[in-house]
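Below is one structure, written out as structure tokens, with a few remarks after it.
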Amino acid sequence: TVLDAGDAATALRLAEGVQLDALVTDVVMPGRNGLELARLLRERQPDLAVLFISGYADGLVDEISLDDDRTMFLAKPFSPSVLAHALEEIRSMLRKRAS
């Protein structure tokens, strides 16, 4: 199931009481940015996998910690196959955690 939100406030409302497998978020969004959204959702679910995407992040990309296996980043533009590969990596990571 995919929950679609145009901004962080909507995403937070949709995620209320829901166990998320992963978050795919743009770094730059209206209102709160993707880093803030990920931080707030990880307060609820510390192991949440996050795929950040951005074409222009005005320095925010430097704040993304790629030190752990929970976080990935894709620079725009990217092809649908690159996105599919990144999502498959997240699925693989989730399967490893579950076993």
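The values are calculated or read from the model by the stated rules, or taken from the named source; none is laboratory data. Note that the structure is a prediction, hence the values are computed from the model and not measured. Cβ coordinates were reconstructed from backbone atoms using ideal geometry, including for glycine residues, and neighbour counts include every protein chain displayed. Ligands, DNA and RNA are stripped out before the accessible areas are found, and what is left, the full protein with its side chains, is counted by its heavy atoms. Shrake-Rupley method; radii C 1.70, N 1.55, O 1.52, S 1.80 Å.
What shape does the chain have by the C-alpha gyration tensor, where a ≥ b ≥ c are the square roots of the eigenvalues, rounded means a/c under 1.5, and otherwise prolate means a/b greater than b/c and oblate the rest?
Values: a/c = 1.42, a/b = 1.06, b/c = 1.34.
Since a/c stays below 1.5, the shape of the chain is classed as rounded.
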Tell me the carbon and sulfur percent of the accessible area for the chain, rounded to whole percent, probe radius 1.4 Å.
53
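Hey, can you find the accessible area per residue of the chain for me, probe 1.4 Å, expressed in square angstrom?
Values: 6330 Å² over 99 residues.
It amounts to 64 Å² per residue over the chain.
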If you count, for each residue, the other Cβ atoms within 10 Å and average over each peptide, how do 44-55, 68-79 line up from highest to lowest?
44-55, 68-79
Just from its helices, what would the mean residue ellipticity at 222 nm be for the chain, if runs of 4 or more DSSP H residues each count -39500 (n - 2.57) and the sum is divided by every residue, rounded to the nearest 500 deg cm²/dmol?
-12000 deg cm²/dmol
